[in-house]
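Q: Handing you a structure now.
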Amino acid sequence: MDKTVPDLAAAVAGIEDGMVLMVGGFGGSGAPIELIHALIDRFKATGSPKNLTVVNNNAGNGRIGIAAMIDAGMVAKMVCSFPRSADPRAFTEKYLAGEIALELVPQGTLAERIRAGGAGIPAFYTPASFGTDVAKGKPVAEFDGKSYVQERWLKADAALIKAELADTMGNLTYRKAARNFSPLMAAAAKLTIVQATKIVAPGEINPEQVVTPGIFVNRIVEVADAKQEEALMREGVAYA
Amino acid sequence: MSQKLSNAQIAWRAAQDIADGAYVNLGIGFPEMVAKFQPPGRQAIFHTENGVLNFGEAPPEGEEDWDLINAGKKAITLKPGAAFFHHADSFGMVRGGHLDVAILGTYEVAENGDLANWSTGPKGVPAVGGAMDLVHGAKRVAVITDHVTKDGKPKLVKRCSLPLTGVGCVTRIYSSLAVIDIENSRFVLREKLPSMSVEELQAVTGAELVLPDVIGDLVAPEVS
């Protein structure tokens, strides 16, 4: 079983208009920049994919990555906890102009909804947001004398993930704090697409150290010289 | 009120209540300052929402590794015994009652423990981050804050007027003028500036202060 694909264009094939797309990363840490830019390249060449719903903790920074997707006009809706950043122009301008929708989700609830999506749990209760504007319209229930808000699972058509090591069967490790949402998203998406800094043969990753088992991964592409979003931001790079 | 505590002194005071070995989450911004003032001989283990336990201070400029950041997206370093984990585990640590203390900033805090610290109203782009999760689960949820707003209005109020972050969640307030516990939906005064009378403090507090038999002096060294 070999899940590797030859290049980035092949990796992002099959992401179509209107899909829900999860994108790993927290700020620049773990952002799969090369996969995102490959998707933007396809949009520029073919006009697709567009009307995407993108799930990420943030809503892009600067003129690269998710921000560049928003700038390009590919994103109809963001599902995130914190749509602000050092340079949030791309999202802010479209949001204030009414050109992009926002589903604001508390960060821990976002993580748990994604986890639930991957784990086959359609709903769960959390204390987060009880009694706040964010909980309006959601069912609440009391357990052992305390009130909780019902939240639903979050699943995706596809996920874009950045890993450090992948073996050809899709077992993954992550670099430092870059794992954040990625293991959850890999499980919650029907089509999980991974860019790995290095692809190795099965057996070369110690099974004790696998973070995401290959069952959650569909495609892997090697991006040996992967860029870090924050580093690109600080260099002032724009992907246009 | 000229002798009110500086932000650094408020952070210093909050740090005195953190035990050796405590697991602690410090909110983005002002609360991060608390880490600087750990008493000698004590070492707390700091948690950040994006999946790191036991991180240390910022690296020197130019030596940042941007895959190693905190929830405020600032570069951090690791201490021996650090651990990485994914976001669902990270918030499981929060909601599951595994943190000893969470320290947050605030716009308003009410005598019933309600906290408003995420939104000043409907303008602009709303952003909540982890605030609504962080106020639930930690054994102690403390806020550090100036006692009044820039234009002199109480930040400690009867009921919050701004959008809530959480209901009934705050257990202690470290302000520029006092240390106050929230017990049975009341502000219980534990410490106040020695130069200030209870009446003066009450005048800048938006709900009644309960006065126990012993009220300590709030004194902090000159720190910055």
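Q: Using 1/(1 + (r/R0)^6) with R0 = 45 angstrom and r between the beta carbons of A:Ala224 and B:Ser6, what's the FRET efficiency to the nearest 0.05?
A: Working: r = 50 Å, r/R0 = 1.10.
The pair A:Ala224/B:Ser6 has a calculated efficiency of 0.35.
Q: Here's a follow-up. Report for the protein assembly as shown the percent antiparallel among DSSP-assigned beta bridges with both residues inside it, nearest 5. Before the final figure, lay out the partial values.
A: Values: 33 of 84 bridges.
Counting DSSP beta bridges with both partners in the protein assembly as shown, the antiparallel share is about 40 percent.
Q: Report, to one decimal in Å, the Kirkwood hydrodynamic radius for the protein assembly as shown based on all distinct Cα pairs.
A: Working: mean 1/r = 0.0432 Å⁻¹.
Roughly 23.1 Å, rounded to one decimal.
Q: Something else about it: Using a simple spin-label model with points 7 Å from Cα along the Cα→Cβ vector, what separation in nm is obtained for B:Ser161 and B:Gln202?
A: The answer from the label model is 2.3 nm.
Q: Report the FRET efficiency, 1/(1 + (r/R0)^6), for B:Lys79 and A:Asn51, where r is their Cβ-Cβ distance and R0 is 30 Å, rounded to 0.05. Write out the running numbers ahead of the final one.
A: Working: r = 46 Å, r/R0 = 1.52.
About 0.10, to the nearest 0.05.
Q: When a/c is below 1.5 the answer is rounded, else prolate if a/b is larger than b/c, else oblate, so apply that to region B:7-217 with a ≥ b ≥ c taken from the square roots of the Cα gyration tensor eigenvalues.
A: Prolate is the answer for region B:7-217, as a/c is 1.5 or above and a/b outweighs b/c.
Q: Further question: Once you order the gyration tensor axes a ≥ b ≥ c over the Cα atoms, which shape class does chain A get: rounded for a/c under 1.5, otherwise prolate or oblate by comparing a/b with b/c?
A: On the way: a/c = 1.83, a/b = 1.20, b/c = 1.53.
Taking the square roots of the gyration eigenvalues as a ≥ b ≥ c, chain A is oblate.
Q: If you take every DSSP beta bridge whose two residues both sit in region A:79-221, what share of them, in percent to the nearest 5, is antiparallel? Spell out each step's value before the answer.
A: Numbers: 11 of 26 bridges.
So the antiparallel bridges in region A:79-221 amount to around 40 percent.
Q: Within region B:91-193, what percent of beta bridges assigned by DSSP are antiparallel, to the nearest 5? Numbers along the way, then the final one.
A: Values: 13 of 23 bridges.
Roughly 55 percent of the DSSP beta bridges within region B:91-193 come out antiparallel.
Q: Could you order the peptides A:122-132, B:193-203 from most to least packed, using the average number of other C-beta atoms within 10 Å per residue? Don't skip to the end; give the middle numbers.
A: Working: A:122-132: 20.4, B:193-203: 13.9.
Ranked from most to least packed, the peptides come out as A:122-132, B:193-203.
Q: For A:Gln150 and B:Ser185, what does the FRET efficiency come to when R0 = 22 Å and r is the distance between their Cβ atoms, rounded to the nearest 0.05?
A: On the way: r = 26 Å, r/R0 = 1.19.
Between A:Gln150 and B:Ser185 the formula returns 0.25.
A short reminder: the numbers here are calculations on the coordinates, not readings from a lab. Here the structure is a predicted model, which means the values were calculated and not measured. Cβ sites come from the backbone with ideal geometry, for glycine too, and all protein chains shown count toward neighbours.
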